[in-house]
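The values are calculated or read from the model by the stated rules, or taken from the named source; none is laboratory data. The model shown is predicted, which means the values in this text are computed figures rather than measured ones. Cβ: placed from backbone, ideal geometry, glycine included. Neighbour counts: every protein chain shown.
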Amino acid sequence: MIIVGLALAGLAALIHVFIFYLESIAWTSKRARETFGTGTVAQAETQKALAFNQGFYNLFLAITVFVGIAFVIAGALPVGAALVFTGAGSMVAASLVLILSDTSKASAALKQGVIPALGVVALALGLAL
């Protein structure tokens, strides 16, 4: 079950790397504008600095999970698990903040929060058994 938890957390981290790309690198692209509902290029430009910063939050969460997985692979299970719980747990918390702040963003919140939540649960079960 530990491996399942790490795999799900790793998948969540990859999703957050993609979110980083959309927010920090491709914010004014058609794909990012459609994904985040920012409208025109001009409208996206007005939010670009905020999106750039937000993208890095997502990247840092992903890095935390990847480093945690590396620690587990290296045999430092307590350190690695703590990092995976921190990174993936923060992803879940951010998704809850998103849905609680704007229920119209429920779809986005589920996309960013379900997989890391499953990873946290699977990792916790794996460590408990």
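For the reader, a short list of remarks on this structure follows.
Yes/no per residue for (1) touching a helix residue (DSSP H, G or I) at 6+ places or on another chain (Cβ under 7 Å); (2) surrounded by 14 or more Cβ atoms within 10 Å (Cβ to Cβ); (3) of a type outside the set (Phe, Trp, Tyr); (4) at pLDDT below 95:
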position: ASN53; (1), (2), (3), (4): no, no, yes, no
position: VAL67; (1), (2), (3), (4): yes, yes, yes, no
position: PRO78; (1), (2), (3), (4): no, no, yes, no
position: ALA88; (1), (2), (3), (4): yes, yes, yes, no
position: LEU100; (1), (2), (3), (4): no, no, yes, no
position: THR103; (1), (2), (3), (4): no, no, yes, yes
position: SER107; (1), (2), (3), (4): no, no, yes, yes
position: VAL114; (1), (2), (3), (4): no, yes, yes, no
position: GLY119; (1), (2), (3), (4): yes, yes, yes, no
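- Residue list for segment 94-116, filter: closer than 24 Å to ILE3 by Cβ and touching a Gly at 6+ places or on another chain (Cβ under 9 Å): SER95, PRO116
- Residue within segment 27-42 that is surrounded by 19 or more Cβ atoms within 10 Å (Cβ to Cβ) and within 27 Å of ILE2 (Cβ to Cβ) present: no
- Out of LEU83, LEU59, sole residue that is within 14 Å of the chain's Cα centre (by Cα) and crowded, with 19+ Cβ neighbours inside 10 Å: LEU83
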